[in-house]
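Just below is one structure, and these are the notes that go with it.
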Amino acid sequence: MNLKPPDLSTIIEAEQKRLGKFTRPVAILLIVVGFIGLISPVFLSTLTVGIVAAILILGGIFWSVHIYGNSQRHFSDWLRPLLLLITGLIIVWEPAAGIASLGLLFILYFLLDAYRNFTAHQRSGGIGRPWFIFSGIVDVFIALLFLLTWPGGSLVLVGIFVGINLIFDGIALLLLSRFLKGGGNNQA
């Protein structure tokens, strides 16, 4: 088993092909939407749950088309698309319930991430132990914040955390863009 990481030039070439010329505009868009979410977290929470609802509805439609085109249909085959469609439509009908559900998913995510952080230093031979533990404590704090304010707090917290995530993703893309640009110039 080869544990040696790929060399930097290979990584840079792969990222340049994958991201292309749209890296900077997408990064800026992510940062702007993230700041809008921090200014108006209810808007971003609603937008987020709307996107989730759209994905569920589209998934239900595509599964229905797939099953309809299949010559060997069974009643149980329609269960998945039906559940996807119903769940998506419930979220559209009651977006606050969808946002509260996302709040529950965030609680679960942060608790699982805390567990991963509390045990990660064991797999890494103790390297970075203080940071893993600190990150786990922050994860538990965020999960408790969601839990103690649920369901009403989810309306604001989902937007804030999605906004923060978008800002950091945008910054990471901008930095990667600068690095890739610099890496590309060094190779020429």
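Looking at Leu58, Leu108, which is the one that is in a helix (DSSP H, G or I), loosely packed, with under 13 Cβ neighbours inside 10 Å and among the hydrophobic types (A, V, I, L, M, F, W, C)? Spell out how you get there, then give the answer.
Values: Leu58 fails: loosely packed, with under 13 Cβ neighbours inside 10 Å.
Being in a helix (DSSP H, G or I), loosely packed, with under 13 Cβ neighbours inside 10 Å and among the hydrophobic types (A, V, I, L, M, F, W, C) holds for just one of Leu58, Leu108, which is Leu108.
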How many of the residues in region 68-88 are in a helix (DSSP H, G or I), in contact with a helix residue (DSSP H, G or I) (Cβ under 9 Å, 6 or more places away or on another chain) and either at positive phi or open to solvent by less than 100 Å² (accessible area, probe 1.4 Å) (or both)? 10
Counting just the residues of region 128-151 that are in contact (Cβ under 8 Å) with a residue 12 or more places away in the chain and not in a helix (DSSP H, G or I), which one comes out farthest from Tyr115 (Cα to Cα)? Pro151
All conditions in (1) open to solvent by less than 100 Å² (accessible area, probe 1.4 Å); (2) touching a residue at least 12 places away in the same chain (Cβ under 8 Å) are true of Gly20 except (2)
If you check Trp63 against the conditions, is it in contact with a Pro (Cβ under 6 Å, 6 or more places away or on another chain) and open to solvent by 70 Å² or more (accessible area, probe 1.4 Å)? yes
Which residue out of Ile11, Ile36 is surrounded by 11 or more Cβ atoms within 10 Å (Cβ to Cβ) and modelled with pLDDT of 85 or more? Ile36
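The values are calculated or read from the model by the stated rules, or taken from the named source; none is laboratory data. Given the structure is predicted, the values throughout are model-derived calculations rather than measurements. Because the Cβ atoms are built from the backbone with ideal geometry, glycine has one as well, and the counts that use them run over all protein chains shown. The protein model used for the area step is the full one, side chains on, heavy atoms only, and it has no ligands, DNA or RNA in it. Shrake-Rupley method; radii C 1.70, N 1.55, O 1.52, S 1.80 Å.
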